[in-house]
Every structure is written in C-alpha cells, then in structure tokens.
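Peer 1: I'd like to ask you about the structure that follows.
Any read-out appearing in this document is the output of simple, stated calculations on the displayed coordinates, not a laboratory observation. Remember, it's a predicted structure, so these values are computed and weren't measured experimentally. Reconstructed Cβ throughout: ideal geometry from the backbone, glycine too, with neighbour counts over all protein chains shown.
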Amino acid sequence: MDKAFRTIALLLVCATVVLLTGRCFSTERAVRVSDGSVIGFDRMIREVKGAKLVFVGEVHDQKAHHEAQLRTIKALHKAGTPIAIGLEMFTADSQHDLDRWVAGRMEKERFIRLYYDNWQMPWPLYGDILHYARQNRIPLIGLNVPRDVAQKVSSKGFAALTRDEKKKLPSGITCDVDAAYTEFIKKAYAQHARNDKSFIHFCEAQMLWNKTMAWHLARFLEKHPKYTVVVLVGAGHALKRGIPAEVEAISGFNCKVILPEMSDMPARAVTGGDADYVLLLK
C-alpha cells in the first residue's frame, strides 16, 4: 500500500508540474549524439560543464526551447561554473545597456524597449532568462551585427557595404562563400536552398552573423578566461559548422552544442558533425 501511495503521489506531482510548465522536467532526457545513448538532463550538464562555450540552439518562437535554455543556464550556474550568456538577440552595440541591466541600473520598462529595438520575438519568450541573469549578476553579451548591415548583406551582398558600414563590423570580417559552406547552408536552412544570386547573398548574411558572433565570443573569453559562455542562438547558427567552427578557428576554445529536437531535424538525423546532444522535450 505504501509503495502504491508513493507512486500515486509522484504521478500527482508530475501532473502538477506538467500543468504549470508543460512537461515533467524529472523525465527530460537528451540523446548523446556520439553514441546514440539516451541520458538524463543532469548527466548531460555534467558532461558539458568543462566546455568554454555551450551552445543551446533554438527555434525563436518555441517557448519550450527557451525553457530548456533557462534550465541549462540554471544547472551550470548552480554547479558553481562561472557563466556568461551570449545573445543573438542583442547587437554588440547594446553592450553598455546590457551591463546596466545586469547591474540593476536600468528599469524593466526601458530594458524591454531596448529588447524590442533589437529583436522582434515577444518579450515573454526571453524575459525569464534575462531576469535570471539580472538576479544572479550573470554577464550578458550582445553578439549580433547592426540590423541595417545584416539586411543590406542579405539583400544586396557583402560587396555592397560601404566603407562606413564595414566599420560597424569587427576588423577582418569577410564573407567568402565556398561550395562546402553552401552545402551547409542548404542543410541548415533548407527552405532557402536555391542557387540564384539571392541565395548567395543569404549565405553571405549567415556567414557574416556566424563570424561576427564568433568574434565577440572569442573576445569575451580572452578577457574573461575563467568563464563558460552559454550561447543562445538560432539552431542553424548553433550547428557545429556555424558559429562553433568559426570561434574554434579564431580562438581554439572548445565548444559543446545542444539542440532541441525539431520536426525538420529529428534526433536520429543529427550527426556528430552537427551537435553533441539533442534534447528530447516531448
């Protein structure tokens, strides 16, 4: 009877958590891509803990993906790892304001306006992450390029940038697109996989994002070598051939990549060349 009672109690607890959060986190699992093993979330955290960069990819409008990102941040923080959070959602030009937010020197309403100046997704998707960083004084790193520059490269190509526009980018950033990178983009962004000039411009824009965000991540870690950076970016940027390859090439810092399972990229289709872990969120 006692055993049956405990089982019922556990089920009721999980049911309550599901109602409140959409899932019972105690059963959250991940596929370790290297050997196909299904492991617990906590085991995955122990395995990525030593990396300098932990990429947690997302589909921007998926609430479950942001919940998984926050849980990863909390787990690493509670494990005693000094962490920072790298954000695709903010440009590098926003760094001063991000620092003020973390330090508690910016009102929420003003920070939300800054957020919407940078990003178009609803604030509630990211609000809990940004509040947790503020409450725990976790540094936030703006990674993205100015929107006008990215839009121009996407529509007209990197060669169309003026000298003044190029000055808004880190020194030495280029957007040479070779056959291997083109194939990577076709895999990561299948819906854009064309071969006309607009596709080449799209490839250049993706490379610009990857190289620029990698540069800012490497620069932060060079200044703060004791930190691990949890990087929140779109799944296409998080793939190993995306930002991780660029940051490893310029700095040698080791990366781990965690992806949420996605309908167009199920766990069984993910290879070691794509990611290290796939979160099973269902």
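Peer 1: Can you list the HN-Hα couplings for segment 31-37, worked out from phi with the Karplus curve (6.51, -1.76, 1.60; θ = phi - 60°), rounded to whole Hz and with x for Gly and Pro?
Peer 2: In residue order, the calculated couplings are 8, 7, 5, 4, 10, x, 6 Hz.
Peer 1: Now for a separate question. Largest first and in whole Å, what are the equivalent-ellipsoid semi-axes of segment 179-282 based on the Cα gyration tensor, each being the root of 5 times an eigenvalue?
Peer 2: On the way: eigenvalues 110, 75, 20 Å².
Its equivalent ellipsoid spans semi-axes of 23, 19, 10 Å.
Peer 1: Short version: ³J(HN,Hα) in whole Hz for each residue of segment 139-155, in order, from phi by Karplus 6.51 cos²θ - 1.76 cosθ + 1.60 (θ = phi - 60°), x for Gly and Pro, what are they?
Peer 2: x, 10, 10, x, 10, 7, 8, x, 4, 5, 5, 4, 5, 5, 5, 5, 9
Peer 1: Turning to a different aspect of this structure: Can you list residues from other chains, or at least 5 along the same chain, whose modelled amide H is less than 5 Å from the amide H of Ile83?
Peer 2: Amide H neighbours of Ile83: Thr228.
Peer 1: Now for a different question. Stokes-Einstein D for the chain at 20 °C, 1.002 mPa s, Kirkwood Rh over Cα pairs, in µm²/s?
Peer 2: It diffuses with D of about 108 µm²/s by this estimate.
Peer 1: Take the cross-link list Lys52/Lys197; Lys166/Lys197; Lys49/Lys211; Lys63/Lys197 and give me the ones stretching past 28 Å between alpha-carbons.
Peer 2: In this structure, Lys52/Lys197; Lys63/Lys197 lie more than 28 Å apart at Cα.
Peer 1: What distance in nm separates the two pseudo spin-label positions at Tyr132 and Ser198, each 7 Å out from Cα along the beta-carbon direction?
Peer 2: 3.9
Peer 1: Right, next: Give the long-range amide H neighbours of Met262: residues separated by 5 or more places, or on another chain, with amide H under 5 Å away, using H modelled in the peptide plane at 1.01 Å from N.
Peer 2: Ala267
Peer 1: Considering only the other residues whose Cβ falls under 12 Å of the Cβ of Val229, what net charge follows from Lys and Arg at +1 and Asp and Glu at -1?
Peer 2: Cβ neighbours under 12 Å give a net charge of +4.
Peer 1: Continuing with the same structure: Specify the residue with the greatest mean-square fluctuation among Lys167, Lys211, Lys187, computed from a Gaussian network of the chain linking alpha-carbon atoms under 10 Å apart.
Peer 2: Of the options given, Lys167 has the highest mean-square fluctuation.
Peer 1: Follow-up question, since we're still on this one. At R0 = 22 Å, how high is the FRET efficiency between Asp178 and Ser155 if r is their beta carbon distance? Nearest 0.05 is fine.
Peer 2: 0.55
Peer 1: Next question, about the same structure. Would you pull out the residues with amide H under 5 Å of Lys52's amide H, same chain only if 5 or more places away, H placed 1.01 Å from N?
Peer 2: It is Asn254, by chain and number.
Peer 1: Per residue of segment 116-121, in order, report the coupling 6.51 cos²θ - 1.76 cosθ + 1.60 (Karplus, θ = phi - 60°) as ³J(HN,Hα) in whole Hz, putting x for Gly and Pro.
Peer 2: Computed from phi, the couplings for segment 116-121 are 6, 5, 9, 9, 9, 6 Hz.
Peer 1: Next question, about the same structure. Top mean-square fluctuation among Ala64, Ala188, Ala180, Gaussian network model of the chain, C-alpha springs under 10 Å?
Peer 2: Ala180
Peer 1: Among Glu204, Glu28, Glu109, determine the one that fluctuates most according to a GNM of the chain built with springs between C-alpha atoms less than 10 Å apart.
Peer 2: Glu109
Peer 1: Here's another thing I want to ask about it. Distance in nm between label sites at Arg43 and Thr271, each 7 Å beyond Cα in the beta-carbon direction?
Peer 2: Each label point lies 7 Å from its Cα, and together they span 2.5 nm.
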